[in-house]
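Notes follow once the structure below has been shown.
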Amino acid sequence: MRRREFIGILGTATAAWPLGALAQQRDRPRHIGVLMGFAESDEVWQTYLQVFRERLRDFGWTEGQNVNFEYRFAGESAERTRLAATELVGSKPDLLFVTTNPALSALLRETRTIPIVFTWVSESVGSGYVSSLARPGGNVTGFHNFEPAIGGKWLGILKQIAPQVRRVGVVHVPEIAANVTFIRAADAISKPLGMSVTGLGVRDAADIERVLKDFGQEPDGGLIVTPSPLTATKRDVLIDVADRVKLPAVYPFRFYVDSGGLVSYGIDQLETVREAASYVNRILRGANPADLPVQLPTKFSLVVNLKTAKGLGLAVPESFLLFADEVIE
């Protein structure tokens, strides 16, 4: 069943959460805690939150009138993420909105009762966040970025745009379980493509520079960059080093390509956050997150940066350009 069909069904059948408490307090503004696994100064995420607030206004939630927001931006720091989660839960919000696996993990260490809606998360079942996609069963629901099989798709795209690549390093944060599943999926299809896959674990910007430089010392290399607070926040470092050591790279979101990355294949983040706002609206009006299915992505876009391709000495096949959803000159 597709995402929009799920949401339509939910409009006719929702349960009270939690135990009618919200319904008894409709005369007061609702308090939403927002935990972003990114830097506050990053315009990408300010736009993301702006779209989130605009969509909530469409549902009748106006900031300063019947809803208030409390924000924390944790970036790639595990300690800041932990402290932000503790502070937000301590403020006793009606609902928590969160991005990234590490930030969601931190919130769940603090509360199993406050409703949580997530985006920018993968492998919610395998990571232990929910019992199942169809019926999450606890205080958490939301919208996935990717399923594990996307790792194989990223590998295939890298092969198409850079046929000379034989060695593929998958840049990932080892503590994020979903990232490890992407490596396995890529490795599973690598041999028929004449490629080998190696995990490149990173934990900070210094790691990124060192690991990519080491990997780039041998010929025929390329990269897959997995989604994480670190790879998003430090994308300029990633893209700069990949360019300097001539490593073609596939990224998970368009904003990497806007920043100079070679090619991205992933979901429309702004469409996802609009749909997440619909879940926030339902929960604030009494729906139970345990009954709201976790939604899987249904539409992906391929974006390629021709200027970056030229700098890497790549002659992008015409067939690849015709397949792309957007080409940045």
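Computed values, structure above
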{"quantity": "Conditions (1) out of contact with any helix residue (DSSP H, G or I) (no Cβ under 7 Å at 6 or more places or on another chain); (2) of a type in the set (Val, Ile, Thr); (3) part of a loop (DSSP other than H, G, I, E, B): number failed by Val180", "calculated": "(3)"}
{"quantity": "Filtered residues of the range 102-114 (kept if within 24 Å of Glu147 (Cα to Cα) and either of a type in the set (S, T, N, Q) or assigned to a strand (DSSP E or B) (or both))", "calculated": "Ser105"}
{"quantity": "Test for Thr198: is it surrounded by 19 or more Cβ atoms within 10 Å (Cβ to Cβ) and either over 13 Å from Leu312 (Cβ atoms) or out of contact with any helix residue (DSSP H, G or I) (no Cβ under 9 Å at 6 or more places or on another chain) (or both)", "calculated": "no"}
{"quantity": "Scope the range 47-86; condition among the β-branched types (Val, Ile, Thr) and assigned to a helix (DSSP H, G or I); matching residues", "calculated": "Thr47, Val51, Thr81, Thr86"}
{"quantity": "Residues satisfying the stated conditions in the range 183-216, i.e. hydrophobic (A, V, I, L, M, F, W, C), under 24 Å from Lys234 (Cβ atoms) and assigned to a loop (DSSP other than H, G, I, E, B)", "calculated": "Val202"}
{"quantity": "Subset of the range 259-288 (residues that are β-branched (Val, Ile, Thr) and farther than 28 Å from Leu223 by Cα)", "calculated": "Val280, Ile283"}
{"quantity": "Residue count for the range 72-128, restricted to those that are in contact with a Pro (Cβ under 6 Å, 6 or more places away or on another chain) and either aromatic (Phe, Trp, Tyr) or closer than 20 Å to Ile283 by Cα (or both)", "calculated": "2"}
{"quantity": "Checklist (1) modelled with pLDDT of 95 or more; (2) surrounded by 15 or more Cβ atoms within 10 Å (Cβ to Cβ) applied to Gly37, failing item", "calculated": "(1)"}
{"quantity": "Test: residue in the range 93-101 that is buried (at least 21 other Cβ atoms within 10 Å of the Cβ), assigned to a helix (DSSP H, G or I) and in contact with a strand residue (DSSP E or B) (Cβ under 9 Å, 6 or more places away or on another chain)", "calculated": "yes"}
{"quantity": "Residues located in the range 217-245, provided they are surrounded by fewer than 19 Cβ atoms within 10 Å (Cβ to Cβ) and assigned to a loop (DSSP other than H, G, I, E, B)", "calculated": "Gln217, Glu218, Pro219, Asp220, Val245"}
{"quantity": "Residue satisfying condition, being under 22 Å from Ile267 (Cβ atoms), hydroxyl-bearing (Ser, Thr, Tyr) and more than 17 Å from the chain's Cα centre (by Cα), within set Ser132, Ser190", "calculated": "Ser132"}
{"quantity": "Residues of the range 256-315 satisfying the condition of being within 18 Å of the chain's Cα centre (by Cα), among the basic types (Lys, Arg) and either modelled with pLDDT of 95 or more or within 19 Å of Ser228 (Cα to Cα) (or both)", "calculated": "Arg274"}
{"quantity": "Residue that is farthest from Ile161 (Cα to Cα), among those in the range 175-195 that are loosely packed, with under 14 Cβ neighbours inside 10 Å and not charged (D, E, K, R)", "calculated": "Pro192"}
{"quantity": "Which numbered condition Thr119 misses (of (1) touching a Gly at 6+ places or on another chain (Cβ under 8 Å); (2) among the hydroxyl-bearing types (Ser, Thr, Tyr); (3) part of a loop (DSSP other than H, G, I, E, B))", "calculated": "(3)"}
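Let's see how each residue does on (1) under 30 Å from Arg28 (Cβ atoms); (2) assigned to a helix (DSSP H, G or I); (3) among the hydroxyl-bearing types (Ser, Thr, Tyr):
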site	(1), (2), (3)
Val257	no, yes, no
Tyr265	no, no, yes
Val280	yes, yes, no
Ala290	yes, yes, no
Val303	no, no, no
Val316	no, no, no
Ser319	no, yes, yes
Leu322	no, yes, no
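The values are calculated or read from the model by the stated rules, or taken from the named source; none is laboratory data. Computed from a prediction, not measured in an experiment: that's the story for all the values here. Glycine also receives a Cβ, built like all others from the backbone with ideal geometry; neighbour counts cover every protein chain displayed.
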